[in-house]
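The values are calculated or read from the model by the stated rules, or taken from the named source; none is laboratory data. Computed from a predicted structure; not experimentally measured. Every residue, glycine as well, gets a Cβ built from its backbone with ideal geometry; the counts of neighbours run over all protein chains shown. Note: areas computed on protein heavy atoms with side chains; ligands, DNA, RNA excluded. Shrake-Rupley method; radii C 1.70, N 1.55, O 1.52, S 1.80 Å.
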Amino acid sequence: MWVADGLARRHIAIAALDDMLQWLSLEGKVAIYDATNTTRERRNMVLRRCSAEGVQVVFVEAICNDAAAVESYISDIRTASPEYTGFTNADEAERDFRVRIAHYERFYEPIDPVTDAALSWVRLVDVGQQVLVNNIESYVTSRVIHFLMNLHTNPRPIWLTRHGQSEFNLEERLGGDPPLTPKGEEFAHMLADWVQANIKGTDGLTVWTSSLQRTRNTALYINHPKLALRSLDEIDAGMCDSLTYDEVAERHPDEFAARAADKLRYRSACGPACLFACLRVLCVYAVCRLSGCGITLVALIVRRLRPRCLCSSPS
């Protein structure tokens with residue numbers, strides 16, 4: 001059913017490239033051009049167009065020689081890929097995808113470490129078992145490489161929850177290390193009951209919290225190993241620590257207004273920007289990945305900022 005109409009596919013690819021370059025010229029910072037640039041001629045076309053617009057290009061090549069990994073991927077494709085939602089027969093979808101693989105095997109020209117030595121590229125072999133990096137220089141591209149090196153294909157569920165109500169929540173105060181209120185304690189018990197009843201196959205479950213007592217005490221009754229990390233602590237409120245929001249607005253009106261306008265990026269005497277917390281969360285994941293701790297299930301108990309950081313990050 002899948003037809004390799006080369007001319008039509010090329011027109012579609014060029015139209016997508018035009019859209020991407022227009023977006024980058026207006027507001028975009030980083031774009032992913034997801035296209036089957038299987039030949040050197042096609043990649044050179046992309047490089048010429050992007051270079052003319054002053055756009056840095058990093059080619060990402062994924063090679064998989066692991067037969068088991070390929071079969072697992074095909075199994076997922078036939079049942080879960082949006083590309084095959086119109087197929088009523090999973091076997092038909094699988095046959096179509098295998099035809100596509102055979103087509104690419106005939107025409108694919110891999111990146112050559114000698115011929116393409118001047119280009120920026122990264123090669124992922126067998127789902128990250130080996131990573132080859134070439135000519136990566138800027139900070140942004142180094143972050144892209146960090147992201148690619150931490151990709152995985154095995155499902156790893158992560159449950160996110162806020163900590164129970166603390167005394168500072170009740171008083172609408174910033175920062176501090178207050179204990180839970182009676183309602184917060186009740187929530188901790190209810191959370192443990194919910195985990196026990198709803199999260200199946202929890203043999204590998206590890207509960208991550210910050211080092212603050214409100215998160216540690218929220219996790220207290222969950223009968224699984226716990227890991228308290230300072231990197232998950234709430235950002236330092238600085239001179240606004242322990243103040244109510246009304247007190248901050250009264251004593252530091254300019255700081256209050258600027259923070260409200262762009263809470264994610266604003267950094268002031270009240271403490272570091274929320275964006276800094278995003279970087280800390282990325283570091284936590286990297287340490288876990290490199291340590292080989294094998295965490296497959298994670299329940300994360302943090303302040304509401306931390307789930308926002310995790311959900312906005314691809315790691």
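Tabulated results
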read-out	value
Within the range 189-220, tally of residues that are touching a Phe, Trp or Tyr at 6+ places or on another chain (Cβ under 6 Å) and either surrounded by fewer than 15 Cβ atoms within 10 Å (Cβ to Cβ) or modelled with pLDDT of 95 or more (or both)	1
Residue within the range 135-142 that is in contact with a helix residue (DSSP H, G or I) (Cβ under 8 Å, 6 or more places away or on another chain) and surrounded by 13 or more Cβ atoms within 10 Å (Cβ to Cβ) present	yes
Residue under evaluation G28, criteria (1) under 23 Å from the mean Cα position of the chain (by Cα); (2) surrounded by 15 or more Cβ atoms within 10 Å (Cβ to Cβ), criterion not met	(2)
Scan of the range 31-41 for residues that are surrounded by 11 or more Cβ atoms within 10 Å (Cβ to Cβ) and either among the polar types (S, T, N, Q) or modelled with pLDDT of 90 or more (or both), ordered by number	A31, Y33, T36, N37, T38, T39, R40
Test result for C50, touching a Leu at 6+ places or on another chain (Cβ under 8 Å) and under 22 Å from E109 (Cα atoms)	yes
Residue ranges of helices (runs of 4 or more DSSP H) in the range 223-299 with at least 2 members modelled with pLDDT under 85, farther than 30 Å from K200 by Cα and open to solvent by 30 Å² or more (accessible area, probe 1.4 Å)	253-261, 274-291
Residue in the range 145-184 that is surrounded by the fewest Cβ atoms within 10 Å (Cβ to Cβ), counting only those that are among the β-branched types (V, I, T) and assigned to a loop (DSSP other than H, G, I, E, B)	T153
Pairs where the first residue, in the range 76-94, is of a type in the set (A, V, I, L, M, F, W, C) and the second is open to solvent by 90 Å² or more (accessible area, probe 1.4 Å) and in a helix (DSSP H, G or I), C-beta under 6 Å, 6+ apart	A90/T79
The range 70-108, subset surrounded by 13 or more Cβ atoms within 10 Å (Cβ to Cβ) and not in a helix (DSSP H, G or I), residue modelled with the highest pLDDT	Y108
When residues of the range 117-128 are limited to those that are assigned to a loop (DSSP other than H, G, I, E, B), of a type outside the set (V, I, T) and touching a residue at least 24 places away in the same chain (Cβ under 8 Å), the one surrounded by the most Cβ atoms within 10 Å (Cβ to Cβ)	S120
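This table checks each residue for (1) over 24 Å from V133 (Cβ atoms); (2) without any contact (Cβ under 8 Å) to a residue 12 or more places away in the chain; (3) in a loop (DSSP other than H, G, I, E, B); (4) among the small types (G, A, S).
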residue	(1), (2), (3), (4)
I12	yes, yes, no, no
A35	no, no, yes, yes
T38	no, no, yes, no
R48	no, yes, no, no
P113	no, no, yes, no
